[in-house]
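Shown next, in structure tokens, is the structure this report addresses.
Just so you know, all these numbers are worked out from the coordinates, no wet-lab data involved. All values reported here derive from a predicted model rather than from experimental measurement. Quick reminder, even Gly has a Cβ in these numbers, built from the backbone with ideal geometry, and neighbours come from all protein chains shown.
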Amino acid sequence: MTRRILLIVSGGIAAYKSLELVRLLTKADYGVTAVLTRAGAEFVTPLSLQALTGAKVYEDLFSLTDESEMGHIELSRAADLVVVAPASADILAKMAAGLANDLATTLLLATDKRVLVAPAMNVRMWQHAATQANMKLLAARGVLVVPPEEGPMACGEFGPGRLAEPPVIFAAIESALGQAGPLAGRHAIVTSGPTHEPIDPVRYIANRSSGKQGHAIASSLAALGARVTLVSGPVNLPDPPAVTTVHVETAAEMLASVEAALPADIAVCAAAVGDWRVEAAAQKLKKGAQAPTLHLSENPDILARLSAPGPQRPRLVVGFAAETENLEAYAKAKRARKQCDWIVANNVGGTGIMGGESNEILLVTEAGAEAWQLMDKRAVADKLAQKIAQVFS
Ligand code: CTP
């Protein structure tokens, strides 16, 4: 069956790359309907899009004179996925605000399909608090994001803002549609990164987790067709393409976001959740005669909550165990204590120090323990995702 993409091309020098994206899509037998915003039409012509899609190109609300031919509601619903590439700061702001003042934004407000955006803009516009707040809002609503890449920009500056390359956007489209992947139709929740537990308004307790392993697992599961919700603590990593990323700071926020994302078929708890939270001071602590005493209380255990029997328990719950000694014994004990199905144990002592690029894994399941050789974190993620897919095959 032909899958249909509604491609919205908004303004920006990167708009020319949308032609390459259309070429990749049509080559892979997607049907593409293109909508060109007024600003987009400054950079690519409707004729070139029409030649590549082989279909009528829609330009603005008032060119849809013949509503009976295909009204804007119908246009947005006939697609399997709505893609905005490039997505300018302007169209992202309009999406966040729910504006509908031209054809593209009307379609975006009227659609009941998933929306994937590939932003492209000047680095300062991308980093502006307004754009970042809009991105956060859109991600929280389930909009998929193919983050911009870093590099020299047409405006002469350097930094994140360049439109992702068309093959990257194409791959994100494929995984958003769960193309024949073994995990198509499955929902996976992945936790990743550290948590920050505030001590006062300027200080916090954290740990060395980089989030690399959890983010890689989210990507690998999405690549196998799963719909993935990634709940991430503060990390220095871009949001993975084709994954819904929810950003949190504390363990309590992480638990709330995980619970809000349920139900799920799969849960992978890769986050290094802070075990304790501090009774945080409302004002910045000042130096005095005596050092302050921090009062700690235990955080909720997200993995244990997910693993507890009940109607919302995901079919497969996977936990991590970062240990510095007695790896197998501790991992087995942790699996039993937390009631999860698998434990991915790794040695974080010595060379396996947290935050690195590779991991040496011991996978503990009901069947026993299986040692994996030292691998790049992405390879670990792929192997784990494949193993998970076997459970659902
Ligand atoms: N975990 C969690 N919520 C917590 C603590 C841990 O979801 N509040 C999850 C982690 O994401 C990981 C697993 O539990 O998947 C193991 O975390 P770890 O910190 O190693 O386990 P602890 O229970 O804290 O055991 P210990 O610190 O005694 O080793």
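Kindly identify the chain as rounded, prolate or oblate by the Cα gyration tensor criterion: order the square roots of the eigenvalues as a ≥ b ≥ c, call it rounded if a/c is under 1.5, otherwise compare a/b with b/c, prolate if a/b is larger, else oblate. Prolate shape, in that a/c is at least 1.5 and a/b is the bigger ratio.
Assign one of three labels to region 288-379, namely rounded, prolate or oblate, based on the Cα gyration tensor with a ≥ b ≥ c the square roots of its eigenvalues; rounded applies when a/c is under 1.5, prolate when it is not and a/b is larger than b/c, and oblate otherwise.
Details: a/c = 2.27, a/b = 1.21, b/c = 1.87.
Taking the square roots of the gyration eigenvalues as a ≥ b ≥ c, region 288-379 is oblate.
Compared with the direct C-alpha span, the chain from Ala256 to Ser393 gains 46.3 nm at full extension, assuming 0.36 nm per residue.
So how many Å³ per residue does the convex hull of the Cα atoms of region 4-177 work out to?
On the way: hull volume 17.3 nm³, N = 174.
About 99 Å³ per residue, rounded to a whole number.
Build a GNM of the chain with springs between Cα atoms under 10 Å apart, and of Ala367, Ala272, Ala41 the one that fluctuates most is Ala367. With 26 Å as the limit, the listed pairs Lys334/Lys383; Lys113/Lys387; Lys136/Lys338; Lys212/Lys338; Lys136/Lys332 have Lys113/Lys387; Lys136/Lys338; Lys136/Lys332 beyond it between alpha carbons.
Taking the inverse of the mean 1/r over every pair of distinct Cα atoms in region 114-217 gives a Kirkwood hydrodynamic radius of 16.3 Å.
With a sphere of radius 11 Å drawn around the Cβ of Ala270, what net charge do the other residues whose Cβ falls strictly inside it have (Lys, Arg +1; Asp, Glu -1)?
Details: positive: Lys212, Lys377; negative: none.
Cβ neighbours under 11 Å give a net charge of +2.
Using bins of 10 Å that start at zero, the share of Cα-Cα pairs per bin across region 187-391 amounts to 9, 35, 36, 14, 5, 1, 0, in whole %. Summing +1 for each Lys or Arg and -1 for each Asp or Glu among the other residues whose beta-carbon sits under 13 angstrom from that of Pro160 gives -2.
Across the chain, the mean sequence separation of Cα contacts (distance under 8 Å, 6 or more residues apart), normalised by length, yields a relative contact order of 11 percent. Test of understanding: in a Gaussian network model of the chain with alpha carbons linked when under 10 Å, which of Gly233, Gly319, Gly349 would top the mean-square fluctuation ranking? Top of the fluctuation ranking is Gly349.
Taking a quarter of the surface of the Cα convex hull of region 157-254, what do you get in nm²? Kindly include the intermediate steps, with their values, before the conclusion.
On the way: hull surface 31.3 nm².
About 7.8 nm², averaged over all directions.
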